[in-house]
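Below is one structure, written out as structure tokens; comments come after it.
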Amino acid sequence: MQFIKRYILLTALVVMTFPLRGQGEEAVTDSLQEENVHVNIRFSLLTCTPGTDAYAHFGHTAILMVDDRTGKREVYNYGCFDSSQKNFVLNFVKGDTNYMLEAESEQFFLWRYGENGNGVTEQRLNLTEEEALRLKAILEENVRPENQTYLYNWLYDNCTERARDVIEQAVKGKIVYERKERNVTAREMLHEKLQNAPWLCLGIDLLLGEEIDTVIGRRTQMFIPDYYMSEIDSATIVTADGRRRPLVEATSIKLEESARNQETPSPLSPVVVFSALLLASVGLTVVDFKRRKNAVWFDVLLHTVQGLAGIVIAYLFFFSKHPAVDSNWQVVLFNPLALCYAVWVAVCAMKGKKNRLATVNLAVCMGFVILMFIVRQSFHPAVYLMALSLLTRSIVACTMYYLR
């Protein structure tokens, strides 16, 4: 009975003294340190393997809390969102998506990921009882309805980085990450995860600009779940008196990855498709020069594709809060003005008029091709092929303008 009273008193003390937001402040007062109560709470980091859905290609991170006294096993998941929210898709594109911290049973969490064929690795954290209580208090405060939402940022503030931050806050001392640091950019890390999803890789490369082509530090690299898993595997906790202990005390496979979770890349990759497009552009160009007339239908189709891609790229460039979208040099070539030009080309052909904007279009295409070799941004191979196709056809249109 005395044990139960002291546990209730300790829990009340933690809740009363924890700050409103549960982050950036000390979660437990000095009086907590004086209590000598055996708590039996354990924490683990759960890392899920990548899935086949677009949002799941990079894996996931969550925190498991096990209370041996009550038998309660809960997973704290910072990666939850409500897709039924009003204007969810538009807000997601704009970078105004609120993610949530939610607590769910371990059984349900593993069932969900097991249904999708994902694997789950558990790393049991080597926390003291005081640190475990501190982490429990932080999570319980942050899962409160008034605190559980946060503005999601895929690179600088995602579910993995949130889990990392609360673990660091709970530790009494400093976590030292001792794994050899990689000299890598965010784009290179994304490409590593998208080797079997070439079209998704093209989409991301089209939307993200120069910002992700600079080498990022260790902490930013932790936005990828399995990279953070590797980091803490060799990390140590260093206390104020210089004592060291490993952050992870045991690692095990919680759920085996299923073969159905393996994605087979499509043989029609972007490079294959846009190579065929370039060959078609060159072939039509040869034919056009022989008959001194350009294939207007092909140019209209090409500029329509250019303009449709430009709508998304330009919208993100000017209006989105997502990182790296406003440093995207591809907006020079891919923007909604290309749709206007496609209409202009079609109207000129129907009315038998000369395309007076052909020179301007050639200057834009040529300028972008030169720009690609000057700026620090890395471009997808398909973008080079598309740019060369547009340049080839713009040369034809410009030549025909002066020959007519």
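The values are calculated or read from the model by the stated rules, or taken from the named source; none is laboratory data. Here the structure is a predicted model, which means the values were calculated and not measured. Heads up, the Cβs are rebuilt from the backbone with ideal geometry, glycines too, and the neighbour counts pull from every protein chain shown. All accessible areas refer to the heavy atoms of the entire protein, side chains included, with ligands and DNA or RNA removed. Shrake-Rupley method; radii C 1.70, N 1.55, O 1.52, S 1.80 Å.
Taking the conditions (1) β-branched (Val, Ile, Thr); (2) within 32 Å of the chain's Cα centre (by Cα); (3) within 30 Å of LYS94 (Cβ to Cβ) in turn, VAL369 satisfies each one other than (3). Going through (1) of a type outside the set (Gly, Ala, Ser); (2) touching a residue at least 40 places away in the same chain (Cβ under 8 Å); (3) more than 20 Å from LEU207 (Cα to Cα) one by one, TRP344 falls short only on (2).
Evaluate the following for LYS180: is it open to solvent by 50 Å² or more (accessible area, probe 1.4 Å) and at pLDDT 95 or above? Against the criterion (open to solvent by 50 Å² or more (accessible area, probe 1.4 Å) and at pLDDT 95 or above), LYS180 does not qualify.
Residue by residue through the stretch 115-135, note down the ones that are assigned to a helix (DSSP H, G or I) and either open to solvent by 30 Å² or more (accessible area, probe 1.4 Å) or more than 26 Å from PRO246 (Cβ to Cβ) (or both). Please lay out each step first, then the result.
To start, the set of residues in the stretch 115-135 that are assigned to a helix (DSSP H, G or I) comprises 115, 129-135.
If the condition is that a residue be assigned to a helix (DSSP H, G or I) and either open to solvent by 30 Å² or more (accessible area, probe 1.4 Å) or more than 26 Å from PRO246 (Cβ to Cβ) (or both), then GLU115, GLU129, GLU130 are the ones that fit.
Does GLY307 satisfy the criteria of being part of a helix (DSSP H, G or I), at negative phi and open to solvent by less than 30 Å² (accessible area, probe 1.4 Å)? Considered against the rule, which asks whether it is part of a helix (DSSP H, G or I), at negative phi and open to solvent by less than 30 Å² (accessible area, probe 1.4 Å), GLY307 comes out as yes.
For LEU302, the requirement of being closer than 20 Å to VAL396 by Cα, buried (at least 21 other Cβ atoms within 10 Å of the Cβ) and touching a residue at least 60 places away in the same chain (Cβ under 8 Å) is met. Within the stretch 284-299, the set of residues being open to solvent by less than 60 Å² (accessible area, probe 1.4 Å) and among the charged types (D, E, K, R) comprises ASP288, ASP299.
Mind listing whichever residues of the stretch 85-109 are farther than 21 Å from ASN153 by Cα and open to solvent by 60 Å² or more (accessible area, probe 1.4 Å)? Talk me through it step by step, then tell me what you get.
The initial filter retains those residues of the stretch 85-109 that are farther than 21 Å from ASN153 by Cα, namely 104-109.
Matches in the stretch 85-109: GLN107, PHE108.
Report yes if ILE175 is closer than 27 Å to LEU333 by Cβ, in contact with a Leu (Cβ under 8 Å, 6 or more places away or on another chain), open to solvent by less than 30 Å² (accessible area, probe 1.4 Å) and among the aliphatic types (A, V, I, L, M), otherwise no. Steps first, please.
Numbers: closer than 27 Å to LEU333 by Cβ: no; in contact with a Leu (Cβ under 8 Å, 6 or more places away or on another chain): yes; open to solvent by less than 30 Å² (accessible area, probe 1.4 Å): yes; among the aliphatic types (A, V, I, L, M): yes.
Taking the combined requirement at face value, the residue does not satisfy it.
Does the stretch 44-58 contain any residue that is at positive phi and either of a type outside the set (Asp, Glu) or in contact with a Cys (Cβ under 9 Å, 6 or more places away or on another chain) (or both)? Within the stretch 44-58, none of the residues are at positive phi and either of a type outside the set (Asp, Glu) or in contact with a Cys (Cβ under 9 Å, 6 or more places away or on another chain) (or both).
Taking ARG112 as the residue in question, decide whether it is farther than 17 Å from TYR228 by Cβ and surrounded by 18 or more Cβ atoms within 10 Å (Cβ to Cβ). Don't jump to the end; show me each part of the working.
Numbers: farther than 17 Å from TYR228 by Cβ: yes; surrounded by 18 or more Cβ atoms within 10 Å (Cβ to Cβ): no.
No, not satisfied.
Kindly indicate whether VAL215 is closer than 20 Å to PHE58 by Cβ, among the hydrophobic types (A, V, I, L, M, F, W, C), surrounded by fewer than 17 Cβ atoms within 10 Å (Cβ to Cβ) and in contact (Cβ under 8 Å) with a residue 12 or more places away in the chain. Criteria met by VAL215.
Residues in the stretch 38-50 that are open to solvent by 10 Å² or more (accessible area, probe 1.4 Å) and within 20 Å of GLU161 (Cα to Cα): THR49, PRO50.
For (1) free of Cβ contacts under 8 Å to residues at least 40 places away in the same chain; (2) more than 30 Å from ILE237 (Cα to Cα), each residue gets a yes or a no:
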{"position": "ASP96", "(1), (2)": "no, yes"}
{"position": "MET100", "(1), (2)": "no, no"}
{"position": "SER105", "(1), (2)": "yes, no"}
{"position": "THR128", "(1), (2)": "no, no"}
{"position": "GLU131", "(1), (2)": "no, no"}
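Evaluation of GLU168 against the conditions (1) within 20 Å of the chain's Cα centre (by Cα); (2) farther than 29 Å from PHE317 by Cα shows that the sole unmet condition is (1). Report yes if ILE313 is in contact with a Leu (Cβ under 8 Å, 6 or more places away or on another chain) and at pLDDT 95 or above, otherwise no. Here the answer is yes, as ILE313 does meet what is asked.
Does the stretch 148-168 contain at least one residue that is part of a loop (DSSP other than H, G, I, E, B), crowded, with 21+ Cβ neighbours inside 10 Å and of a type in the set (A, V, I, L, M, F, W, C)? Checked the stretch 148-168: no residue is part of a loop (DSSP other than H, G, I, E, B), crowded, with 21+ Cβ neighbours inside 10 Å and of a type in the set (A, V, I, L, M, F, W, C). Checked against the criterion of being open to solvent by 30 Å² or more (accessible area, probe 1.4 Å) and modelled with pLDDT under 95, the candidates ARG73, ARG69 yield just one match: ARG69.
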